[in-house]
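Participant: Handing you a structure now.
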Amino acid sequence: MNMPDYPLKQIPFYSIILNDKFWKNRLDTNTVVTIPHVLRRCEKSKRIANFEIAGSLTTEKRTSKLPFDDSDVFKILEGVAYTLKLTPNAELEQYGDEIIDKIATAQEEDGYIYTHRTIDPENPPIISGRERWEKLTIDSHELYNVGHLYEAAVAYYEATGKKTLLNVAVKNAELILEIFGPGKNESPPGHQEIEIGLVRLFKLTKNERYLDLAKFFLDLRGSKDRIGYEAYVFQSMDSFPFKGPDRFEYNQTHEPVTKQKEAVGHAVRAVYMYSAMADIVMLYNDENYLIALDQLWEDVIQHKLSITGGIGAQAKGEAFDEAYVLPNYYDRFNELGVYNETCASIANIFWNFRMHLIHGTSKYIDVLERTLYNGLLSGISLEGNTFFYPNPLASKGDIYRRKWFDVACCPSNIVRFIPQVQSYIYSLKNSRININLFIGSIVKIDLNEEIIELHQKTNYPWNGLVEIDVNPSKSMEFSIALRIPGWVRNKPVPSDLYHYITTNEEKFRLEVNNKLIDLVISEEGYCIINQIWNKGDRILIEFPMPVRRVLAHKKVKDCNGLVALERGPIVYCIESIDNYNVEKLKLNDNTHLGHQYQEELLNGIVTITGSVQNLEINVKQDFLAIPYYGWAHRGRSEMIVWMHH
Ligand SMILES: [Zn+2]
């Protein structure tokens with residue numbers, strides 16, 4: 001079978017050894033702190049016990065009762081699998097195996113798995129319905145959960161060769177195939193995710209029925225003549241739990257996916273759906289899906305992206321807001337203002353990388369990089385044991401990271417994201433290697449049956465100097481394409497939603513074996529070096545990294561008259577622990593801004609300093625800005641990203 005697939009290839013995360021300080025620290029923290037922390041929390045909150053109770057392994061009573069509890073355990077197992085694949089760890093693997101055995105006992109005879117219903121079918125969680133899948137489109141998360149099960153099962157099998165979880169997943173998928181399909185149950189899942197899971201299951205098993213089922217679920221959305229639609233409308237009228245944007249837009253059932261042009265509704269649901277649509281574009285060669293997807297991407301990048309790469313700016317409904325509505329503050333008591341959920345940043349990365357694999361251009365990586373270093377990283381503390389769910393761009397001092405949440409999607413999502421971060425560094429286009437991200441690492445790439453080893457050395461994101469040793473197994477001709485980031489090309493985002501106040505005219509430097517290379521940037525956004533490469537060749541690229549002032553499009557009302565600071569891929573903020581009266585500071589457009597690496601601060605960061613006018617007391621004062629991701633680490637602090645100018 002020769003299925004179509006993405007024209008560009010991702011390099012698997014386990015072929016890449018991270019060795020730079022910035023990301024290696026994060027990876028080690030994920031392994032040593034975050035994974036044990038979230039596993040303990042899953043034990044404490046009885047999420048793991050739920051599988052034992054459902055499997056009659058214990059007479060303990062159920063305590064947690066949210067419909068998506070099972071998914072957290074699946075997602076953490078996915079993260080455990082990646083971690084084991086990178087570094088074998090007998091103790092962790094044994095613990096993973098034990099959890100998997102419990103999951104297997106919780107699976108019902110016919111393959112159904114949803115612990116709360118199995119434990120007490122008479123009292124399923126709110127919004128789950130008395131019958132299986134009865135409130136699937138409303139919010140039971142029955143198929144969302146198993147989507148994460150499929151992803152975990154594939155990952156665990158690929159890491160350990162063990163099939164127990166994969167067998168659970170396949171048995172469940174077979175049940176879903178029996179129940180759902182044309183002329184059978186035609187209710188679309190209320191929270192997208194199973195589509196991504198099914199594609200992964202298909203890629204491993206080569207069973208095309210799983211792929212067809214993924215497309216079937218996507219095609220159900222917004223098709224009003226489907227079986228079960230009336231029941232959904234009827235239930236939505238009074239029992240829908242959520243009050244906010246249109247309830248059909250909320251879970252993207254307002255239109256068929258190919259007719260959707262604007263990103264609306266719950267951001268994580270939407271962007272998991274767009275990611276699955278990208279898979280379908282390639283695997284089915286579906287032009288209509290691609291047209292919709294390109295329009296949705298333009299809408300988000302043109303209108304709905306926070307400067308941090310965060311998406312889903314509306315707290316109410318954790319949703320996309322109208323065009324240009326990008327608030328900064330989050331009101332946690334009234335669920336108003338900005339949201340930018342950590343999971344939405346992760347989803348944004350999944351989606352943008354897929355868009356890159358379709359189109360080959362670097363603008364998707366610009367969005368990915370911005371999201372990665374800012375909106376996503378703020379979601380987890382440097383210590384690795386506290387988390388943000390929403391990631392606002394300003395705070396009155398009442399927002400802090402928490403150890404856990406009843407709705408724990410974000411911590412478990414981070415656990416599975418961090419170990420695969422290196423898989424976004426490279427992509428392959430035929431015999432061309434794209435270097436997308438600048439992260440110290442060693443990779444072995446299989447190219448035309450030869451092995452190319454690349455060794456990146458850099459202090460990115462603090463310094464724009466990157467050295468790459470190129471070591472092919474024999475002298476051979478191929479291309480290496482270096483992404484020239486948007487921030488180097490005076491374009492912070494691939495739209496006019498944000499722009500730098502001034503143009504930086506400094507040129508970047510590119511050398512191969514100490515010889516300067518002409519700086520030609522391809523339409524795709526890369527400098528492409530095609531030559532015969534020999535062992536010991538060295539590329540050197542140096543991006544100037546001045547401090548930049550950024551303005552938002554004038555239609556973004558919450559940013560009118562305000563300026564933000566960036567340096568390289570990093571967005572900055574100022575906190576009241578370092579600065580008096582953060583909301584009242586005015587930065588003159590011409591004031592000189594200094595920057596300095598401070599090893600002892602927040603695990604080593606570059607800070608920005610300068611002089612500002614305090615508008616309240618009308619005096620000059622010095623200010624210090626830190627990377628946005630590093631806020632809320634030194635006690636409760638007021639914070640702003642956008643200053644007056
Ligand atoms: Zn989340």
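The values are calculated or read from the model by the stated rules, or taken from the named source; none is laboratory data. Bear in mind that the values here come from a model prediction, so they are computed numbers and not experimental data. We place every Cβ from the backbone using ideal geometry, glycine too, and count neighbours over all the protein chains shown.
Participant: Return the residues of the stretch 99-133 that are surrounded by fewer than 18 Cβ atoms within 10 Å (Cβ to Cβ), part of a loop (DSSP other than H, G, I, E, B) and of a type outside the set (A, V, I, L, M, F, W, C); say none if nothing qualifies.
Facilitator: Result: E108, E109, D110, D120, P121, E122, N123, R130, E131.
Participant: Sticking with this one: Take the stretch 160-184 and flag every residue that is assigned to a helix (DSSP H, G or I) and surrounded by fewer than 21 Cβ atoms within 10 Å (Cβ to Cβ). Give the derivation first.
Facilitator: Let us first name the residues in the stretch 160-184 that are assigned to a helix (DSSP H, G or I), namely 160, 164-179.
Matches in the stretch 160-184: T160, T164, N167, V170, K171, E174, L175, L177, E178, I179.
Participant: Of (1) under 24 Å from the mean Cα position of the chain (by Cα); (2) farther than 27 Å from N534 by Cα; (3) hydrophobic (A, V, I, L, M, F, W, C), I484 satisfies all except one. Which?
Facilitator: Exception for I484: condition (2).
Participant: Kindly indicate which of L39, L77, L57, L66 is among the hydrophobic types (A, V, I, L, M, F, W, C), farther than 23 Å from G379 by Cα and out of contact with any strand residue (DSSP E or B) (no Cβ under 6 Å at 6 or more places or on another chain).
Facilitator: L57
Participant: Of all residues in the stretch 58-95, how many are closer than 20 Å to C410 by Cα and part of a helix (DSSP H, G or I)?
Facilitator: Residues meeting the conditions: 15.
For every residue, the table says whether it meets (1) in contact (Cβ under 8 Å) with a residue 24 or more places away in the chain; (2) touching a His at 6+ places or on another chain (Cβ under 7 Å).
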position: Q314; (1), (2): yes, no
position: E318; (1), (2): yes, yes
position: D321; (1), (2): no, no
position: P327; (1), (2): yes, no
position: F333; (1), (2): no, no
position: G337; (1), (2): yes, no
position: N348; (1), (2): yes, no
position: F353; (1), (2): yes, no
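Participant: Of the residues that make up the stretch 185-201, is at least one within 16 Å of the ligand (Cβ to nearest atom), part of a helix (DSSP H, G or I), of a type in the set (S, T, N, Q) and at pLDDT 90 or above?
Facilitator: Looking through the stretch 185-201, none of the residues is within 16 Å of the ligand (Cβ to nearest atom), part of a helix (DSSP H, G or I), of a type in the set (S, T, N, Q) and at pLDDT 90 or above.
Participant: Taking the stretch 184-198, which residues are of a type in the set (G, A, S), under 24 Å from the mean Cα position of the chain (by Cα) and more than 13 Å from L213 (Cβ to Cβ)?
Facilitator: The initial filter retains those residues of the stretch 184-198 that are of a type in the set (G, A, S), namely 187, 190, 197.
Narrowing further to those that are under 24 Å from the mean Cα position of the chain (by Cα): 190, 197.
Result: G190, single match.
Participant: For the stretch 353-471, please list each of the strands (runs of 3 or more DSSP E) lying entirely inside it that holds at least 1 residues being among the β-branched types (V, I, T), surrounded by fewer than 24 Cβ atoms within 10 Å (Cβ to Cβ) and within 16 Å of the ligand (Cβ to nearest atom).
Facilitator: none
Participant: Also: Residue check: is G525 surrounded by 14 or more Cβ atoms within 10 Å (Cβ to Cβ) and in contact with a Pro (Cβ under 7 Å, 6 or more places away or on another chain)?
Facilitator: Taking the combined requirement at face value, the residue does not satisfy it.
Participant: Now for a different question. Within the stretch 577-586, how many residues turn out to be under 19 Å from S378 (Cβ atoms), part of a loop (DSSP other than H, G, I, E, B) and out of contact with any Gly (no Cβ under 7 Å at 6 or more places or on another chain)?
Facilitator: 2
Participant: Being of a type outside the set (S, T, Y), closer than 23 Å to E467 by Cα and in contact with a strand residue (DSSP E or B) (Cβ under 7 Å, 6 or more places away or on another chain) is true for just one of E450, E369. Which residue is that?
Facilitator: Selected residue: E450, the only one of E450, E369 that is of a type outside the set (S, T, Y), closer than 23 Å to E467 by Cα and in contact with a strand residue (DSSP E or B) (Cβ under 7 Å, 6 or more places away or on another chain).
Participant: Separate question: Taking the options S423, S431, name whichever one is modelled with pLDDT under 95 and within 26 Å of E523 (Cβ to Cβ).
Facilitator: So the residue among S423, S431 that is modelled with pLDDT under 95 and within 26 Å of E523 (Cβ to Cβ) is S431.
Participant: Residue check: is D294 away from the ligand (no atom under 15 Å from the Cβ), more than 27 Å from I418 (Cβ to Cβ) and assigned to a helix (DSSP H, G or I)?
Facilitator: It is true that D294 is away from the ligand (no atom under 15 Å from the Cβ), more than 27 Å from I418 (Cβ to Cβ) and assigned to a helix (DSSP H, G or I).
Participant: Next question, about the same structure. Mind checking which residues of the stretch 326-352 are more than 15 Å from the ligand (Cβ to nearest atom), in a loop (DSSP other than H, G, I, E, B), at pLDDT 95 or above and out of contact with any strand residue (DSSP E or B) (no Cβ under 7 Å at 6 or more places or on another chain)?
Facilitator: Answer for the stretch 326-352, where residues must be more than 15 Å from the ligand (Cβ to nearest atom), in a loop (DSSP other than H, G, I, E, B), at pLDDT 95 or above and out of contact with any strand residue (DSSP E or B) (no Cβ under 7 Å at 6 or more places or on another chain): just L326.
Participant: Oh, and also: State whether the residues of the stretch 86-98 include one that is under 19 Å from the mean Cα position of the chain (by Cα), among the hydrophobic types (A, V, I, L, M, F, W, C) and either surrounded by fewer than 24 Cβ atoms within 10 Å (Cβ to Cβ) or modelled with pLDDT of 95 or more (or both).
Facilitator: no
Rundown of residues vs (1) over 19 Å from the mean Cα position of the chain (by Cα); (2) of a type outside the set (S, T, N, Q); (3) under 30 Å from K206 (Cα atoms); (4) not in a helix (DSSP H, G or I), yes/no style:
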residue: K24; (1), (2), (3), (4): no, yes, no, no
residue: L27; (1), (2), (3), (4): no, yes, no, no
residue: T31; (1), (2), (3), (4): no, no, no, no
residue: R40; (1), (2), (3), (4): yes, yes, no, no
residue: S56; (1), (2), (3), (4): yes, no, no, yes
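Participant: Considering only residues that are within 14 Å of A625 (Cα to Cα), β-branched (V, I, T) and not in a strand (DSSP E or B), which ones fall in the stretch 587-614?
Facilitator: Across the stretch 587-614, there are no qualifying residues.
Participant: Look at the stretch 8-20 and say how many of its residues are surrounded by fewer than 16 Cβ atoms within 10 Å (Cβ to Cβ) and touching a Gly at 6+ places or on another chain (Cβ under 7 Å).
Facilitator: Here the count works out to 1.
Participant: In the stretch 309-325, how many are β-branched (V, I, T) and within 16 Å of the ligand (Cβ to nearest atom)?
Facilitator: Qualifying residue count, the stretch 309-325: 1.
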